[in-house]
Amino acid sequence: MNNIDFGKFNKKIKIENIIKSIICGLSSGIIVDALLVILFKLLALSNFIWLHIIITLLLGTGFTFLFLKYVFIPKDKAIAKRLDKDAALEERVKTMVEFKNDESLLANLQRQDAQQKLEETPIEKFKMRFSFSNFILSILALIALPIAILVPSRKINPAATVTDSSSSESNPESESPSEESSPSENPSDGGSEGQDGDGSGEQNDEERDQQIQDAIDDMKQDVDNTQKPDEQTKEDLKDKLDDLKDNLQNANDQEETDQAIDQSKEDIDQTIDDQITKDEIGEALQKHDPTSQVGEDVAAGDSEQTKDSLDEMRDSLKDKTGDELQDAMDSISDSINDALEESGVNPEDSLYQAFKNLADNLDKIDPNSDSAQQEIDDAFEQAKEEISDALDKQQELEDLKDTLDQKLDDLKEQLDNQDGQEGEDQDGDGQEGDGQEGDGQEGEDNQDDSDSSSSGEGSGSGSGDIQYASDDLIYDPATGNYVTYGELLNYYYSQALDGIENGNIPDDLATLIEQYFNSLYYDDGNENN
Amino acid sequence: MENEKQIALFSEAIQKIELEIKKDVVGQEEVVENILIAIISGGNVLLEGIPGVGKTRLVRSLGKVLNLPFSRIQFTPDLMPSDVTGTNIIEKDETGKMKLSFQKGPIFSNIILADEINRATPKTQSAMLEAMQEHKVTVANVSHQMAEPFFVLATENPIEQDGTYPLPEAQLDRFMFKLIMTFPSTDELKSIVNMTQITLDETATAVIDGDTLLQMREITKKIPVIEDILDYTMNLVASTHPEIDGNATAKKYLRFGASPRAAQALITGAKVRALMHGKYNVSYDDINALAYPSLRHRIRINYDAISDHLDTDKVIDLLIKENQKNKK
């Protein structure tokens, strides 16, 4: 606002400008944040909604102040024009503004007249106005946000970045060939892409997959190595491990990897816990006097101690006959049956079955029979065997659970470390990876090696750290062109064979050379020959 | 130097004048207002109207209200310039010697009604117009100043065109306004008849005098006009010229446009009008209202306008509409 006092309209004018500033400020903040969302997505950074809300609010506030201070500064002349128009004051206010410094009598009278008319004008006559540009900015903000949300995130495919980032290496020529096999061998940087821990040439898909496969296979082996658990349980666990493998291979980032492993752990633990019933049965048995000691030992999972408890229980029946024996046996069997019912365990459970068999066997024994004691001994022997067997199985399952949990945690850590390393070496600076050169060819894949010819590149031999498909493009320094790996390999192989044929090379060396080249042809369905 | 009291009395005086004139002239409010504007502005008016609408009565009444001497000159084809301006006559002085003495003509008055000016010869018209322009008459190389305020209201008879000498454009341009007195409505006609049955004399009384009128003229000169309105006015006048690019209406309907005097008339008249209406500033409405009397005698429509049944006022309408985009 400049110098003129527009009386009661001042406040309305200020409010209008504040509203305009807020609309434009917030709209600008939203547009800028929408651009940030798109940028985050392109850079594969996490887009936390709370972060963007804060950014929008901060930007919006900042822009609002800027608009209020520098853009929507109400100018006297503009306000005067609007007042004259809205209130039909016949250019009184404009004249007052233009002649504000005129101190003549008529100018003063004019001012007084204008002020009086302003006073008489109801404030409602002055209409708040919002320009077309305010409206456009708001529309842009409303459009920008959904667009930003709908833009797909850039997924980091570890395998793809090997050649992708390498193609963005310093050599501009690297951009010309086809995308899928963008020349991963950039001679200027020693063709370092695809090497371990190298962001650009990071660990490729196969290596990671192999690592996952190895871990899964190891865990499956652990499952198979258990003896007591039944086959169905083992199959369930192995299925879950297969599911984990699939999930890990499809995971796009660390977060998804961790989520897959955590979920798998949960599933595996649940599967195993469903098989472990000693706690429920043990606790239920403890509630009854005749079986309390046995229950305690069962809950502890100690099969030896459980056997001893069963022996004690059996011994308590010795030297009893007739009704006394019957009562004692009934007491034991009733306690067992009640406890089993209270435990809520599936009747098909082996431990459940073992105790149930004991109770049933005791019920069948005629206390007055001569062979009662023998039958009691047999029943308890059977029970001891079955119960300890069941306990051992459950213990084995618990151990398996611990083992698998540990191995899953280890796998998680390994994969997290590798993902972290991937991010560090995006520039593909040619760190040498395992078996990079692998073959005695130049084998120098560091960046300093500017003349690293293709001979040392993309060897991918043996260790399999760098695997090239036959149609991956490789820079051929001899011709200065990019050729497929298969073509180049064939060329060098034929050169080698010619050399062998025409030169004086010992047979064993010739064999070695042939074997070497043969090793370069990997069986992945993309054999070069 | 104006003072607040004089300024405050201005509007009051104008209202009184209008009320007094209403006693003698029925209707014609716009004509009366514009005549007052012209008088206060120091301009002259060309009045067009059929006989009997009250032109002479209006001017006579005006003279009474303003307490200014009034004279009427009936222009005829045989009217000589000296009949207007006056002439030297030979007379004997006290000693018996012959001397020339200037006998003032009817033009030596404050308010002149030059009736049917288009009936006089161009020579006689020139004598009249010289006096209008310069407020003095030169006879035998001797200049005789007119009394101030000096106001000429010339009339043209639109009916009788035979044997007339229409004023050339250059002469028309000297009139500040051209006003048209239309035939009164039936109610107004009834009022006229009833009034004149009582008396044919003007009954208006004096309200102000010539000095007050001159003071009012000085006051109105100082009414502020903002730049936007000045620009708007200049653009309006410029838009009457068909030779200027961008003037679509003028190109289509006008033969020639208004002179700079039109702009002067508009601004000067608008200031008076503003004060008459109780304002201390000129508005766009003032300019638009005075566009018709200021421009209608300064522009000439062409055959396209005639064939489109447009008269001068309708073309001015179009010019005003075209010029709205220049409003800031």
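The values are calculated or read from the model by the stated rules, or taken from the named source; none is laboratory data. Please read these numbers as outputs of a predicted model, since none were measured by experiment. Glycine gets a Cβ as well: all are built from the backbone with ideal geometry, and neighbour counts include every protein chain shown.
Of all residues being assigned to a strand (DSSP E or B) and among the acidic types (D, E) in the range B:47-98, which is nearest to B:I17 (Cα to Cα)? Just the residue, please.
Checked the range B:47-98; the qualifying residue nearest to B:I17 (Cα to Cα) is B:E48.
When the residues of the range A:96-115 are narrowed to those that are touching a residue at least 12 places away in the same chain (Cβ under 8 Å) and not in a helix (DSSP H, G or I), which ends up nearest to the other protein chains (Cβ to nearest Cβ)?
Applying the filter and picking the extreme gives A:F99.
Does B:I40 fit the bill of being within 14 Å of chain A (Cβ to nearest Cβ) and either part of a loop (DSSP other than H, G, I, E, B) or closer than 21 Å to A:A107 by Cα (or both)?
It is false that B:I40 is within 14 Å of chain A (Cβ to nearest Cβ) and either part of a loop (DSSP other than H, G, I, E, B) or closer than 21 Å to A:A107 by Cα (or both).
From the list B:V65, B:V25, B:V32, pick out the single residue that is in contact (Cβ under 8 Å) with a residue 60 or more places away in the chain, away from chain A (no Cβ under 14 Å), out of contact with any His (no Cβ under 6 Å at 6 or more places or on another chain) and surrounded by 19 or more Cβ atoms within 10 Å (Cβ to Cβ).
Just one listed residue meets the conditions, B:V65.
Report, by residue number, each residue of the range A:20-71 that is hydroxyl-bearing (S, T, Y) and touching a helix residue (DSSP H, G or I) at 6+ places or on another chain (Cβ under 9 Å).
A:S21, A:S27, A:S28, A:S46, A:T56, A:T61, A:T64
Just a yes or no: is a residue in the range B:289-312 closer than 24 Å to A:R82 by Cα and of a type in the set (A, V, I, L, M)?
yes
Here is a list of conditions, (1) at pLDDT 90 or above; (2) within 14 Å of chain A (Cβ to nearest Cβ), and B:T249 meets all of them except one; can you say which number that is?
(2) is the only condition that B:T249 fails.
Condition check ((1) more than 14 Å from every other protein chain (Cβ to nearest Cβ); (2) surrounded by fewer than 20 Cβ atoms within 10 Å (Cβ to Cβ)) across all residues:
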position: A:I53; (1), (2): yes, yes
position: A:V71; (1), (2): yes, yes
position: A:D86; (1), (2): yes, yes
position: A:K94; (1), (2): no, no
position: A:K117; (1), (2): no, yes
position: A:F135; (1), (2): yes, yes
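Can you name every residue in the range B:167-208 that is over 17 Å from the mean Cα position of the chain (by Cα) and surrounded by 13 or more Cβ atoms within 10 Å (Cβ to Cβ)?
If the condition is that a residue be over 17 Å from the mean Cα position of the chain (by Cα) and surrounded by 13 or more Cβ atoms within 10 Å (Cβ to Cβ), then B:P184, B:E188, B:L189, B:S191, B:I192, B:M195, B:T196, B:E202, B:A204, B:A206, B:V207, B:I208 are the ones that fit.
Restricting the search to the range B:218-246, which residues are away from chain A (no Cβ under 14 Å) and either among the charged types (D, E, K, R) or free of Cβ contacts under 8 Å to residues at least 24 places away in the same chain (or both)?
Within the range B:218-246, B:A238, B:H241, B:P242, B:E243, B:I244, B:D245, B:G246 meet the criteria.
Hey, can you tell me all the residues within the range B:1-22 that are within 12 Å of another protein chain (Cβ to nearest Cβ) and assigned to a helix (DSSP H, G or I)?
The answer is B:E4, B:K5, B:Q6, B:I7, B:A8, B:F10, B:S11.
Report yes if A:D330 is outside any helix (DSSP H, G or I), in the same structural domain as A:T271 (by TED's automatic domain parsing) and charged (D, E, K, R), otherwise no.
Against the criterion (outside any helix (DSSP H, G or I), in the same structural domain as A:T271 (by TED's automatic domain parsing) and charged (D, E, K, R)), A:D330 does not qualify.
When you look at A:L241, is it under 18 Å from the mean Cα position of the chain (by Cα), within 29 Å of A:S303 (Cβ to Cβ) and of a type outside the set (S, T, N, Q), yes or no?
Here the answer is yes, as A:L241 does meet what is asked.
List pairs: first residue in the range A:2-23 and of a type in the set (D, E, K, R), second residue crowded, with 16+ Cβ neighbours inside 10 Å anywhere in the structure, Cβ distance under 6 angstrom, at least six positions apart or on different chains.
Every condition considered, the pairs that remain are A:K12/A:F126; A:K20/A:F72; A:K20/A:N134.
How many residues are within 19 Å of the chain's Cα centre (by Cα), touching a residue at least 40 places away in the same chain (Cβ under 8 Å) and within 14 Å of another protein chain (Cβ to nearest Cβ) when one looks only at the range B:268-289?
Residues meeting the conditions: 8.
Of everything in the range A:2-59, what is charged (D, E, K, R) and touching a Leu at 6+ places or on another chain (Cβ under 7 Å)? Give them in sequence order.
Of everything in the range A:2-59, just one residue is charged (D, E, K, R) and touching a Leu at 6+ places or on another chain (Cβ under 7 Å), namely A:D33.
Being surrounded by 19 or more Cβ atoms within 10 Å (Cβ to Cβ) and hydrophobic (A, V, I, L, M, F, W, C) is the filter here; which residues of the range B:209-233 pass it?
Listed by number, the residues that qualify are B:L213, B:M216, B:I219, B:I223, B:V225, B:I226, B:I229.
Determine which member of the set A:R129, A:R82 is under 21 Å from B:D285 (Cβ atoms) and either surrounded by fewer than 12 Cβ atoms within 10 Å (Cβ to Cβ) or among the basic types (K, R) (or both).
Being under 21 Å from B:D285 (Cβ atoms) and either surrounded by fewer than 12 Cβ atoms within 10 Å (Cβ to Cβ) or among the basic types (K, R) (or both) holds for just one of A:R129, A:R82, which is A:R82.
Looking at (1) more than 14 Å from chain A (Cβ to nearest Cβ); (2) buried (at least 24 other Cβ atoms within 10 Å of the Cβ); (3) over 14 Å from B:I267 (Cβ atoms), which one does B:K325 not meet, given that it meets all the others?
Of (1) more than 14 Å from chain A (Cβ to nearest Cβ); (2) buried (at least 24 other Cβ atoms within 10 Å of the Cβ); (3) over 14 Å from B:I267 (Cβ atoms), only one is false for B:K325: (2).
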